[in-house]
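Remarks on the structure that follows.
The values are calculated or read from the model by the stated rules, or taken from the named source; none is laboratory data. Nothing here was measured: the structure is a model prediction, and the numbers come from that model. Glycine also receives a Cβ, built like all others from the backbone with ideal geometry; neighbour counts cover every protein chain displayed. Remember, those area values only see protein heavy atoms, side chains included, never the ligands or the DNA or RNA. Shrake-Rupley method; radii C 1.70, N 1.55, O 1.52, S 1.80 Å.
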Amino acid sequence: MKISENTEFKIDIKTVIGIIMLTTTLVGMYYTLQEDIALAKTLPPVEVTRLEYELKEDWNEKMIMQLKDQVKVLEETTDILKEEIKITSAMIQDGTEADAMLDELNAKLEELKNKKPKTTIIVKEVEVKKRR
């Protein structure tokens, strides 16, 4: 295929209108985006108000307390399961495969009990401006 002065290119009116509409839409979106960027540059930076800070602190404190409660429940559940294993193993002490399974479960419970969770403390200093 050669392109020369005699090459014909046929396009219908619907395609031309579609191309014009698409181009117009893209140009409009570009200028709208540029206006939004210019407006954002003129606005002052967002400051965290004291109320927002206190609300976040309250939420964090509630979540920590909730997690502590959940840990207590899990520890109590572990203790109950351990007691159940002891009782069940005392009932089954007949030297079958069940004894080995109970010993394995007991070992896993001990391992979980001795495992200490990682704790990470993050301290962030926040400057609070007093308003008068």
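Residue 15 fulfils the conditions (1) at pLDDT 85 or above; (2) open to solvent by 80 Å² or more (accessible area, probe 1.4 Å) except for a single criterion, (2). Residue 50 falls short on exactly one of the conditions (1) in contact (Cβ under 8 Å) with a residue 12 or more places away in the chain; (2) surrounded by fewer than 10 Cβ atoms within 10 Å (Cβ to Cβ), and that condition is (2). No other residue among 42, 7, 25 is modelled with pLDDT of 90 or more, exposed (fewer than 10 other Cβ atoms within 10 Å of the Cβ) and not acidic (Asp, Glu) apart from 42. Note down all Cβ pairs under 9 Å where the first residue falls in segment 68-80 and is assigned to a helix (DSSP H, G or I), the second is surrounded by 11 or more Cβ atoms within 10 Å (Cβ to Cβ), and they're at least six residues apart or on different chains. From residues that are assigned to a helix (DSSP H, G or I), the pairs are 75/113; 78/109; 78/112; 78/113; 79/113.
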